[in-house]
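The values are calculated or read from the model by the stated rules, or taken from the named source; none is laboratory data. These figures come from a predicted structure and were not determined experimentally. Note: ideal-geometry Cβ built from the backbone for every residue, glycine included; neighbour counts use all protein chains shown. Just so you know, the surface numbers come from the protein's heavy atoms only, side chains and all, with ligands and any DNA or RNA stripped out. Shrake-Rupley method; radii C 1.70, N 1.55, O 1.52, S 1.80 Å.
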Amino acid sequence: MEFVDTRKLQLQQQLQQQPQPQEQHFHVLAVDDSVIDRKLLERLLRGSSCKVTCVDSGDKALKYLGLVDDLHDTTSSTSLDSSSSPPPQPLQEEGMKVNLIMTDYCMPGMSGYDLLKRVKGSSWKDVPVVIMSSENVPSRISMCLEGGAEEFLLKPLQLSDLDKLQSYFVKSLENSCEKESVNSSIDSENDNVIINISNHNHNSNSVSKRKAISAESHQERSRTKMKELAVV
């Protein structure tokens, strides 16, 4: 006769009932004024289990990152799907994070290098930025790399190019985890400070009340003694 360990069965049931952690996807912001290149990049990244948000200009990328309040785009969009689908909502509304920014170099209005400088001078400075271009210009490549770009990739992109980006995905994820840990520690410290202040105020109020009661009792006893002396 085979005996069944009820404790093991209960443990297995508890493990099965626990919610499984959701698979975390790297979020890539793709910036390119070319519809064809944008679709190709989106397909390559989605094939690597990445979440992709596409915009067709540097101005829209800044707006999506929350670095500009209003978008004044006087140039006509070259995107074929912009009329059929709503523009991506800013991160403040979606509550999401960007792990990597990939931008074309040659774009009307704001170039990829200008976008790079704006990002590196903002709160998104720790997010890796990759520049893409169909022109192999050494001076341009050096300028972008010296300006803070992690990579300079030549178009058309290949699957092998995505292998170069894996280390930047990990780096960005580690930075996000460190920020969350620091923020949670700060929140915990603030909560402790608030609790201590509240306890201190409560204790001070209790002491003040006791002093007031003691003073009132002393005055009452003094009045009683004065009345007794007056009677005598």
For region 116-148, which residues satisfy the criterion of being part of a strand (DSSP E or B) and more than 23 Å from the chain's Cα centre (by Cα)?
132, 133
Being at pLDDT below 95 and out of contact with any strand residue (DSSP E or B) (no Cβ under 9 Å at 6 or more places or on another chain) is the filter here; which residues of region 126-151 pass it?
126
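Suppose the filter is in a helix (DSSP H, G or I), modelled with pLDDT of 85 or more and of a type outside the set (A, V, I, L, M, F, W, C); does residue 8 pass it?
Taking the combined requirement at face value, the residue does not satisfy it.
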Restricting attention to helices (runs of 4 or more DSSP H) lying wholly within region 29-98, give those where 1 or more residues are out of contact with any Ser or Thr (no Cβ under 6 Å at 6 or more places or on another chain), under 21 Å from residue 123 (Cβ atoms) and modelled with pLDDT of 90 or more.
58-64
Pull out all pairs, ordered by first then second residue, where Cβ-Cβ is under 7 Å, the residues are six or more apart or on different chains, the first lies in region 121-146 and is touching a residue at least 24 places away in the same chain (Cβ under 8 Å) and over 25 Å from residue 26 (Cα atoms), and the second is hydroxyl-bearing (Ser, Thr, Tyr) and open to solvent by 40 Å² or more (accessible area, probe 1.4 Å).
143/113
List pairs: first in region 159-172 and under 19 Å from residue 98 (Cβ atoms) and modelled with pLDDT of 85 or more, second open to solvent by less than 20 Å² (accessible area, probe 1.4 Å) and assigned to a helix (DSSP H, G or I), Cβ under 8 Å, 6+ apart or cross-chain?
162/45
Reported set for region 128-169 where residues are under 22 Å from residue 65 (Cα atoms) and among the small types (Gly, Ala, Ser) is 147, 148, 149
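Quick check on region 106-115: of everything there that is part of a helix (DSSP H, G or I) and more than 11 Å from residue 31 (Cα to Cα), which residue is most open to solvent (accessible area, probe 1.4 Å)?
114
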Just need a number here: residues in region 27-41 that are of a type outside the set (D, E, K, R) and farther than 20 Å from residue 63 by Cα.
3
